[in-house]
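The values are calculated or read from the model by the stated rules, or taken from the named source; none is laboratory data. Since this is a predicted model, take the numbers as computed values, not measurements. Cβ: placed from backbone, ideal geometry, glycine included. Neighbour counts: every protein chain shown.
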Amino acid sequence: MVRNTIRNALALAAAAVLLSSCAHRYANPIAKQTDQPDKVLFDKAIDDLSHNRFSISRMTLTTLINAYPDSEYLAKAKLALADGWFQEGDAHAMAQAEAEYKDFILFYPAMEEAAEAQAKVCDIHYGHMEKGDRDPMEAMRAEAECRTLLTQYPNSKAAPEVEQKLRNIQENLAVGEYKVGKFYQNKGSFFPAANRYQTLADNYPLFSQADEAVWLAAQNYQRLGDKYERQEIAQLTKVVHEYPLSIHTEEAKARLQELKAPVPEADPVAYDRMKYELANRGKIGVFSKFFGAFSMHPNLSLAAKSGAPQMQGMRPSIPANVPPRAAGLLGTSGDITVSVATDASALDTNPDARTTPPAAAGTETTSAQGGAAAPAAAQSDAAQKPQQKTASKSQPKPKKPAKTPKPKTPKKSAKQPPPKPAPATDSSAPPKP
């Protein structure tokens, strides 16, 4: 008897909590004892929504929105309409829910519920996120929506939860980049492999295997030879400085000493962060390892639990084998202008620009160099003048067009004597026998 009483009391308390949570969002701004028609419609729609009668609830809310555009329940009705689609759960309903939430944020950006609506949009794509080695479209859209909430509503109640979701999303995206780098490395394409690892570590420093990615990037640069020793030293330095608790730290220090490069000190902030992550990192059980291969959704137990996630999109880096001028690192040699040519003979008289290559960026003298800039400029001008003369002399002069021979007229032949006339014959004479 006492057990049944306690059970009933707990059930009533749970029901009261649920009703209070539902009433918080859809609290009636009008007195609850009134019988105004918009209030009646709103209460009926919420009751249908709580009993999963989604179609009836949508019809009632649409009637309220269209019939009472000045109602105090208008904002709550639009939010309830989006929540109905969200609770329905299928692909079509989720697309409609996203559109309704976006519509609510557009019309009511200053309301507290706008942050909740943005969080629901993030949840829609977060729930459809696939593994890192599959289509990353939903993960990228979820990342963009979570960033929007943290940018526009940084002080909202949903901000801490969304921040952790953003770390999970970036963990999943980093797994995809890591596997692409592994593919190139196993294939023997060390340039794209090193570029993938370096891009991964630069854009997702909170990735659970970021230290491994930096170490593999250094290994790939080492395989490419002494020409890329500078890139290898940069990656080894990053391992020692930013990932002091990595399993490759001692190997990186030994390799730096072998290359006679300075060994940096460990960053204390990075040390504390890695220590916290190693202590609070989740573990993947045997059951999850076995059935994880058949699951469509990623396992995010290894995602970071602290640190600020990246608030910018991934920016791919340029491979080390691309020349600096082709990569755009040297810039241009000067301003490029376009004008109409006024002198028609400029193409014939001026030197050919292709004979003098443009100077590299950064060679121009600045005013901070003192009085030596003007003599240097004068000397460069004086040196360019003979070059222009020699360039103009070296150019072949245009050949004169060959004279076309006039057509020969046939010579008049010597006068030939006219043919002798045939002797006249008498038609009346009889023919000779």
Q) When you go through (1) crowded, with 19+ Cβ neighbours inside 10 Å; (2) among the hydrophobic types (A, V, I, L, M, F, W, C); (3) not in a helix (DSSP H, G or I) one by one for I284, which number turns out not to apply? A) (1)
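Under 26 Å from the mean Cα position of the chain (by Cα), farther than 26 Å from L302 by Cβ and assigned to a helix (DSSP H, G or I), is that true of M140?
no
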Q. Residues in the stretch 144-167: is at least one of a type in the set (S, T, Y) and in a helix (DSSP H, G or I)?
A. yes
(Q) I'd like the full set of residues that are part of a helix (DSSP H, G or I), surrounded by fewer than 20 Cβ atoms within 10 Å (Cβ to Cβ) and not polar (S, T, N, Q), limited to the stretch 59-85. (A) M59, I65, A67, L74, A75
**Q.** Matching residues, the stretch 31-51, being closer than 20 Å to G84 by Cα, assigned to a loop (DSSP other than H, G, I, E, B) and modelled with pLDDT under 90
**A.** none
Q | Output for the stretch 322-355, where each listed residue is at pLDDT 75 or above and closer than 26 Å to Q231 by Cβ | A | V322, P323
Q) Restricting the first residue to the stretch 253-270 and requiring it to be in contact (Cβ under 8 Å) with a residue 40 or more places away in the chain and more than 16 Å from Q219 (Cα to Cα), which pairs with a second residue that is surrounded by 12 or more Cβ atoms within 10 Å (Cβ to Cβ) and of a type in the set (D, E, K, R) meet a Cβ separation below 6 Å and a spacing of at least six or different chains? A) none
Q. Being assigned to a helix (DSSP H, G or I), in contact (Cβ under 8 Å) with a residue 60 or more places away in the chain and farther than 21 Å from N203 by Cα, is that true of even one residue in the stretch 100-114?
A. yes
Q: Being of a type outside the set (G, A, S), at pLDDT 90 or above, surrounded by 12 or more Cβ atoms within 10 Å (Cβ to Cβ) and not in a helix (DSSP H, G or I) narrows it down to one of P262, P244, so name that one.
A: P244
Q | From the options E143, E177, E138, residue that is of a type outside the set (A, V, I, L, M), crowded, with 24+ Cβ neighbours inside 10 Å and out of contact with any strand residue (DSSP E or B) (no Cβ under 6 Å at 6 or more places or on another chain) | A | E143
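Condition check: touching a residue at least 12 places away in the same chain (Cβ under 8 Å), assigned to a loop (DSSP other than H, G, I, E, B) and out of contact with any Leu (no Cβ under 7 Å at 6 or more places or on another chain). Does M94 satisfy that?
no
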(Q) When you check A217 against the structure, is it under 16 Å from V240 (Cβ atoms) and among the aliphatic types (A, V, I, L, M), yes or no? (A) yes
Q. Quick one: is N195 buried (at least 20 other Cβ atoms within 10 Å of the Cβ), out of contact with any helix residue (DSSP H, G or I) (no Cβ under 6 Å at 6 or more places or on another chain) and in contact (Cβ under 8 Å) with a residue 40 or more places away in the chain?
A. yes
